[in-house]
Every structure is written in structure tokens, then in C-alpha cells.
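The values are calculated or read from the model by the stated rules, or taken from the named source; none is laboratory data. Source: prediction; values computed, not measured. Cβ atoms come from the backbone with ideal geometry, glycine included; neighbour counts cover every protein chain shown.
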Amino acid sequence: MTRRTVRIAMNGVTGRMGHRQHLVRSILALREQGGLDLGNGETLWPEPVLVGRREPALRALAERHGLTEWSTDLDAVLADGTVDVYFDAQVTPARADAIRRAVAAGKHVYTEKPTAGDLAEALDLARLATGKGIKHGVVQDKLFLPGLRKLKRLIDGGFFGEVLSVRGEFGYWVFEGDWQEAQRPSWNYRAEDGGGIVVDMFPHWEYVLHELFGRVTSVSAHVATHVPRRWDEHGKPYEATAEDAAYGVFELEGGAVAQINSSWTVRVHRDELVEFQVDGTHGSAVAGLRGCRVQHRSATPKPVWNPDIPVTESFRDQWQEIPDNADFDNGFKAQWELFLRHVVLDEPYHWDLLAGARGVQLAELGLRSAAEGRRLEVPELTG
């Protein structure tokens with residue numbers, strides 16, 4: 001078996017998402033399984049080079065995982081001709097500049113979303129990378145979740161007939177930070193630091209809707225800062241300047257309508273932290289992170305509205321669970337594998353910086369829709 005090493009500069013992996021999902025559960029998991037089998041007797045071996053601003057944190061992270069390469073000098077890492085890929089999981093305001101430098105250095109780029117603070121910059125990054133001839137990709141992890149992969153299976157099999165509507169519920173209660181520690185970093189609630197649930201979640205909803213049901217053609221959104229005062233990681237109070245909840249209506253190419261609520265100020269009364277209900281002429285489904293339940297039209301009961309009579313049936317029990325029928329790996333790791341195969345084997349890959357720009361566009365238009373109180377068209381983007 002021939003080993004082919006790919007060196008990856010990983011910037012921002014001292015943060016929660018970069019560390020847990022990208023370093024530990026993706027790159028280190030690939031190493032634990034012996035690398036990525038490329039076929040024909042060849043294995044890809046990912047070699048991470050940790051990059052960040054805080055030297056003590058980088059050193060501690062490297063020692064914890066038995067890694068030897070780390071640096072606080074991004075330019076020096078990008079100048080290293082043995083580094084093949086640049087990955088970015090920094091806070092949003094720092095991302096575009098770093099990607100631009102990586103593109104200039106000729107590195108393949110894989111990045112978290114949103115790719116930039118506004119659409120113009122996101123499109124510029126996509127065009128720069130394409131013009132440079134490098135491979136580029138954007139994390140779109142929700143597509144690789146078991147629940148949504150089962151939903152995709154239903155769509156591909158024609159289960160729904162004509163899709164009429166999609167209803168999504170996402171969120172949970174994020175503690176304010178005073179009497180219980182917050183589960184999310186304080187910058188998420190400061191607009192000046194790139195925070196806000198629209199910027200965080202609308203890019204997710206764009207690619208989920210686009211990939212599964214059709215391009216988003218219009219958006220109407222309402223946003224709110226329900227909890228205006230929070231406490232940061234040091235116990236210091238601060239004013240939340242970014243929205244913590246967003247309520248969106250998205251029209252889709254083909255006529256279906258999607259309604260998605262996103263909130264960090266909601267207590268969970270559903271089976272999973274995110275769920276999508278899809279209703280079609282032939283059947284319906286409810287998909288979450290892992291599970292997916294369906295009700296075909298042939299098995300749909302005939303409820304009758306009568307508030308004077310107690311309900312005697314369990315509506316949830318009338319749905320059928322979709323079996324796994326496959327082993328589902330971590331979604332972040334699954335997409336990393338596809339991107340790395342794209343880099344070394346030139347296999348097809350379409351979740352690129354242009355796809356990332358569509359997410360930035362939808363977030364930008366969502367915020368504008370909320371500010372102006374009206375529905376906005378979503379123009380189709382081209383490279």
C-alpha cells in the first residue's frame with residue numbers, strides 16, 4: 001500500500017467547531033483508520049499543521065493529540081511549498097483575508113461558512129480561486145447527516161410526488177451566562193464581531209433547500225433579539241447587538257414554500273434539535289439529525305376537527321421509521337473525504353466557494369428583508 005501525504009494548514013482549530021468536528025472527528029479520525037483509501041493500492045494520509053493566534057493554546061492542542069507541527073505565523077505556513085491545503089474555521093470577520101492569502105499562495109482551500117462578511121467579497125473569493133486554478137470547497141455538513149440523507153433517498157425515489165411545503169424548526173435555549181455558563185461563545189451575539197443567527201444559519205438553509213428541493217427564489221424574514229443582555233466568558237455583562245432568533249419564509253424554484261424558524265431562545269419540544277417536515281401530494285416525512293419518519297398517502301388517517309371530543313389516537317404512532325440501510329459516518333468527516341479525493345484524484349465536487357457565496361447572499365438578503373419589512377427576490381448567482 002502506497003501512502004500519499006497531504007499536508008493541511010488548519011486555521012482556527014482551537015475553537016469548538018474547528019477542534020471537535022474538523023480536527024478530532026475528521027482529520028484525526030482519518031488517521032486513526034489508517035488514512036483514506038484511494039483505491040489502486042494508494043492511501044491518503046492527512047498531516048495537519050495547526051495554525052492560530054494563541055501560542056499556548058496551539059501548543060497544548062498539539063501535545064494533547066500527539067501532533068508536532070503548529071504555528072502562529074500564517075504567512076510562513078502558506079509559504080511552505082509542502083503544504084497542500086488551507087482550511088479555515090476562524091471567526092467570520094477574519095476568514096476572507098486569510099482565504100485570499102491562501103489563494104495567492106496557490107493552496108487548495110476548504111473553509112467553514114459563511115465564507116465572507118458580504119456577498120461581494122464572497123463572490124470575489126470564488127472568482128479569485130477559480131481564476132487561480134485551485135480546488136476549493138465549503139463545509140455544508142447538514143447534507144451529510146443521516147436524517148437528511150434518508151430524506152434525500154425519499155426524494156430520489158419519488159416518494160413525495162409533488163413537494164408542496166417544507167417546515168423547519170431549529171434551535172435550543174442558550175443560557176445567558178450569568179447563572180449558568182452559555183453553550184455558545186459571546187461573539188455570536190455581537191453583530192460587530194460577525195455574530196447573529198441569520199449569518200450563522202441561513203447559509204445552512206440555503207444549501208439544504210437548494211440541494212434537496214430547489215433554488216431559493218425569494219426570502220421574507222423577521223428577526224429579533226429576544227435576550228438583549230448576556231454575560232461573556234469572563235462573567236462580564238454585555239449588550240447583545242445581533243439577533244438571536246429568525247423566522248424565514250423561502251419560495252423555491254418549482255413552487256414549493258419553506259418556512260424555517262431558527263432560535264437560540266427556544267426550549268426544545270421535538271425529537272431532535274433540528275427537524276424538517278416535508279409535505280407532498282403522495283406522502284410526508286419528518287427528518288432530523290439522524291432519524292426520518294414517513295406517512296404515505298395510502299396510510300394517511302382522516303382526522304376530523306372537533307375540539308369538544310378528547311383525542312383518542314396518537315398521531316406520532318401513525319408514522320413509519322425509515323431504516324438506516326447503510327452505515328453513516330460523521331458528516332464533517334464524510335465531506336472532508338470527498339474534498340480530499342477531489343484534491344488528489346480530481347473527482348467531481350460542487351460544494352465550492354460559489355455555493356458558499358449563495359449562503360452569504362441569502363443571509364444578506366434575509367437581514368435586509370427583516371430591516372425593510374418586505375419580501376425580496378433572490379437572484380441566481382453565476383461564476
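Computed values, structure above
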| item | result |
| --- | --- |
| Pair list, Cβ under 7 Å, 6 or more apart: the stretch 10-34 residue touching a residue at least 24 places away in the same chain (Cβ under 8 Å) and buried (at least 20 other Cβ atoms within 10 Å of the Cβ), other residue β-branched (V, I, T) and outside any helix (DSSP H, G or I) | M10/V49; M10/V51; N11/V51; H19/V13; H22/V13; L23/V13; I27/I8 |
| Among the residues listed as G158, G137, G133, the single one being at negative phi and either touching a Leu at 6+ places or on another chain (Cβ under 6 Å) or among the small types (G, A, S) (or both) | G137 |
| Qualifying residues in the stretch 82-95 (those that are surrounded by 20 or more Cβ atoms within 10 Å (Cβ to Cβ) and among the hydrophobic types (A, V, I, L, M, F, W, C)) - the one nearest to the chain's Cα centre (by Cα) | A89 |
| L30 vs. criteria of a type in the set (A, V, I, L, M), farther than 19 Å from A98 by Cα and under 27 Å from the mean Cα position of the chain (by Cα) | yes |
| Subset of the stretch 108-124 that is of a type outside the set (D, E, K, R) and over 21 Å from G195 (Cα atoms) - its residue that is surrounded by the most Cβ atoms within 10 Å (Cβ to Cβ) | Y110 |
| Search result, residues across the stretch 63-93 that are part of a helix (DSSP H, G or I) and either in contact with a helix residue (DSSP H, G or I) (Cβ under 9 Å, 6 or more places away or on another chain) or at pLDDT below 95 (or both) | L74, D75, L78, T92, P93 |
| Residue, modelled with the lowest pLDDT, within the stretch 2-40, restricted to residues that are assigned to a loop (DSSP other than H, G, I, E, B) and at negative phi | G15 |
| Members of the stretch 233-248 found to be in contact with a helix residue (DSSP H, G or I) (Cβ under 7 Å, 6 or more places away or on another chain), of a type outside the set (V, I, T) and in a loop (DSSP other than H, G, I, E, B), listed by number | E233, A240, A242, E243, D244 |
| Residues located in the stretch 239-248, provided they are more than 20 Å from the chain's Cα centre (by Cα) and surrounded by 14 or more Cβ atoms within 10 Å (Cβ to Cβ) | A240, T241 |
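Residue-wise test of (1) of a type in the set (D, E); (2) closer than 20 Å to Y207 by Cβ; (3) in contact with a strand residue (DSSP E or B) (Cβ under 6 Å, 6 or more places away or on another chain).
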| residue | (1), (2), (3) |
| --- | --- |
| L28 | no, no, no |
| Q33 | no, no, no |
| L38 | no, no, yes |
| E47 | yes, no, yes |
| R53 | no, no, no |
| P56 | no, no, no |
| G81 | no, no, no |
| V91 | no, no, no |
| G133 | no, no, no |
